[in-house]
Amino acid sequence: MPKHNFDFPKGRIEVFEISSSAVSNNILGDPTVRQVAIYLPDDYDNNADDYPLLVDIVGFTGSGLGHTGWKAFGESVPQRVERLVREEKMGRVIVAFPDCFTSLGGNQYINSSVMGNWADFLVDEMLPQIEDRYRVRSGRESRGLFGKSSGGYGAIVHGMLYADAWGAIACHSGDMAFDWVYRNDFPKTVMHLQQYDGDIAAFMENIEKSRKISGDDMHTLMILAMAATYDPAPDLPYGVRLPVDTVTSELDSDLWSRWLEWDPINLIERINVQENLRSLKGLFIDCGKQDQYGLVFGARMLKKELDRLGIEHTYEEFSDNHSSIDYRMDVSLPYLYQKICGI
């Protein structure tokens, strides 16, 4: 059984709000006033130092706010950071935990005309406000971005497309190789939607009225969220169209190609993406060898391309699956700290 961390964080959590114009385009009716929790180290008030900044973007169904709370037989991210500092594996940092949850259950941290322009929210709205409010070292060189699963996807894509905002990134078990990750899920999604005659709006209305969400409901909701992210259709109910026939589950190659444009395995073929990755001070990628969603195969494909292109990175596989792997932050957080601090 993992050891529980009983140490209450000595630093403190503050929360501020952003009235976001970036996500005001969302058609889901989600709030445009969003919270960002900030962890400040224990010595923040007693010196004039500026601190490096880490930003935590979380997986599907999560919010950054959830990473600040108590956890049985584990530790919150603030507890983990303070333990790593005590163990002299990293120095003190400020950590931001943005709430990017959506009514479709999650976020991939890119711009969407359905879900909201979440990349713009992070880069153009959140980062400047953090720099205005807190003593963080200015400039991308002193910022690290990390996340797991959907958050891992967001981290790697921000490294590929928004490297002017981030000095180093850590991608834990991020979505990639979409042909492996999503295609096999479409028949299950279509089968579940058949309970609603293939009507996505009827499914969503039932979700909104339900007291609880089943596993099949959550799985279907995730695929709808991915559709609203990679191929938004704001003129349709909930902005969702699937790249498959809702009766036969036959793939529409034109619609599927719009998803594939956002696959890191395809994005890395672009020259500007290669240049962005080369500009990073640190690029960390890992995945469990037994990842139940097959994400390790995409991670290996990406590593193969990074090796071929001569792009410096750190790649690790570990003996575990996709679930309950927060302990991998014991590797990535010191890595990010060392990279953005030039150690």
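Per the listing ASP179, ASP216, the residue uniquely in contact with a helix residue (DSSP H, G or I) (Cβ under 7 Å, 6 or more places away or on another chain) and of a type in the set (Asp, Glu) is ASP216. Checked against the criterion of being at pLDDT 95 or above, in the same structural domain as THR220 (by TED's automatic domain parsing) and not hydrophobic (A, V, I, L, M, F, W, C), the candidates GLU275, GLU250, GLU269 yield just one match: GLU250. Residues in the range 310-329 that are touching a Lys or Arg at 6+ places or on another chain (Cβ under 7 Å) and farther than 15 Å from SER173 by Cβ: ILE311 alone. Residues that are surrounded by fewer than 18 Cβ atoms within 10 Å (Cβ to Cβ) and charged (D, E, K, R) do not occur anywhere in the range 94-116. Within the range 32-50, is there a residue that is hydrophobic (A, V, I, L, M, F, W, C), crowded, with 21+ Cβ neighbours inside 10 Å and assigned to a helix (DSSP H, G or I)? No, there is no match, as no residue in the range 32-50 is hydrophobic (A, V, I, L, M, F, W, C), crowded, with 21+ Cβ neighbours inside 10 Å and assigned to a helix (DSSP H, G or I).
In the range 221-242, what residues are closer than 14 Å to SER103 by Cβ and β-branched (Val, Ile, Thr)? Matches in the range 221-242: THR229, VAL240.
Would you mind stating whether GLY152 is in the same structural domain as VAL33 (by TED's automatic domain parsing), touching a residue at least 24 places away in the same chain (Cβ under 8 Å) and closer than 19 Å to PHE297 by Cβ? In short, yes. Evaluation of LEU193 against the conditions (1) assigned to a loop (DSSP other than H, G, I, E, B); (2) aliphatic (A, V, I, L, M); (3) over 24 Å from LEU295 (Cα atoms) shows that the sole unmet condition is (1). When restricted to residues that are buried (at least 17 other Cβ atoms within 10 Å of the Cβ) and in contact with a strand residue (DSSP E or B) (Cβ under 9 Å, 6 or more places away or on another chain), the range 281-296 contains 10.
With respect to the conditions (1) under 23 Å from ALA155 (Cα atoms); (2) not in a loop (DSSP other than H, G, I, E, B), GLY62 lacks only one, and its number is (2).
The values are calculated or read from the model by the stated rules, or taken from the named source; none is laboratory data. Since the structure is predicted, the reported quantities are computational estimates derived from the model, not experimental observations. In this analysis, Cβ positions are derived from the backbone assuming ideal geometry, glycine residues included, and neighbour counts consider all displayed protein chains.
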